[in-house]
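Worksheet: one structure, shown below.
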Amino acid sequence: MEQVILVDENNNQIGVADKETVHTTNTPLHRAFSLFLFNSKKQLLVTQRAIDKKTFPGVWTNSVCGHVSPGEETIDAVKRRVSDELHIVASEIKQVAPYRYKFADKNGIIENEICPIFIGYTDEDPKPSKSEVEAWKWVDWNEFLQTIKEHPGAYSPWSEEEAIILQRSNLELLR
């Protein structure tokens, strides 16, 4: 059974819990990550969460999100989930900003995470695991930013907030 790392507000580990039992209407704070993958055409890979996911089923979001396992470094968790979810290899993965969020989905299930934001690069099209990803597409980064500005809620709430953080950070996201 996959476990998640329970943390305090300073990201200090305070325990572990089974992933399947932790996401409820009273989800404890736990460690995660969020990755935005770009290609050489300056496009962002967005994914639609699988319909049978416990939290935010069927919602469009950024490229990959996941949990860090006990004893695992966050960067290793990012690489693991890229491989497991999308069956591709990403390069130049780096953490670019801290982030913490708490959102409830339409069923009242809460995501409550310390979730640093990563960026990476690939020109591979994903071959996603159906248990994780319903659909995917490449979108122009500026069009993505325009969509979340004009249509809040078109993507997961965390990916919309994270994209704004990335935009404001003035990083050279697109090589």
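The values are calculated or read from the model by the stated rules, or taken from the named source; none is laboratory data. As the structure is a computational prediction, the values presented were derived from the model and not from experiment. Cβ coordinates were reconstructed from backbone atoms using ideal geometry, including for glycine residues, and neighbour counts include every protein chain displayed.
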>> Checking the conditions here, which among SER34, SER40 is more than 14 Å from the chain's Cα centre (by Cα) and hydroxyl-bearing (Ser, Thr, Tyr)?
In response: SER40
> Where residues in the stretch 89-98 are small (Gly, Ala, Ser) and over 27 Å from ASP52 (Cβ atoms), which of them is farthest from the chain's Cα centre (by Cα)?
Replying inline: SER91
> Out of the stretch 99-152, which residues are β-branched (Val, Ile, Thr) and farther than 13 Å from LEU86 by Cβ?
Replying inline: ILE109, ILE110, ILE114, ILE117, ILE119, VAL139, THR147, ILE148
> Which condition number does GLU132 fail, the rest of (1) over 20 Å from THR27 (Cβ atoms); (2) touching a residue at least 40 places away in the same chain (Cβ under 8 Å); (3) in contact with a helix residue (DSSP H, G or I) (Cβ under 6 Å, 6 or more places away or on another chain); (4) surrounded by 17 or more Cβ atoms within 10 Å (Cβ to Cβ) being met?
Replying inline: (1)
>> Restricting to the stretch 96-129, name every residue that is without any contact (Cβ under 8 Å) to a residue 40 or more places away in the chain and in contact with a Pro (Cβ under 8 Å, 6 or more places away or on another chain).
In response: PRO98
> Of the conditions (1) surrounded by 15 or more Cβ atoms within 10 Å (Cβ to Cβ); (2) in contact (Cβ under 8 Å) with a residue 24 or more places away in the chain; (3) more than 13 Å from the chain's Cα centre (by Cα), ALA17 fails just one. Which one is it?
Replying inline: (2)
> If you check GLN146 against the conditions, is it modelled with pLDDT of 95 or more and either among the polar types (S, T, N, Q) or within 12 Å of PHE36 (Cα to Cα) (or both)?
Replying inline: yes
> Pick from the stretch 99-118 the residues that are under 13 Å from the mean Cα position of the chain (by Cα) and in a loop (DSSP other than H, G, I, E, B): which of them is surrounded by the fewest Cβ atoms within 10 Å (Cβ to Cβ)?
Replying inline: TYR99
>> If the requirement is being among the aliphatic types (A, V, I, L, M), touching a residue at least 12 places away in the same chain (Cβ under 8 Å) and more than 23 Å from LYS106 (Cβ to Cβ), which of these qualifies: ILE88, ILE51?
In response: ILE88
> Inside the stretch 41-76, can you point out the residues that are of a type in the set (Ser, Thr, Tyr) and modelled with pLDDT of 95 or more?
Replying inline: THR47, THR61, SER63, SER69, THR74
> How about the stretch 33-67: which of its residues are of a type in the set (A, V, I, L, M) and either under 20 Å from VAL89 (Cβ atoms) or surrounded by fewer than 16 Cβ atoms within 10 Å (Cβ to Cβ) (or both)?
Replying inline: LEU35, LEU37, LEU44, LEU45, VAL46, ILE51, VAL64
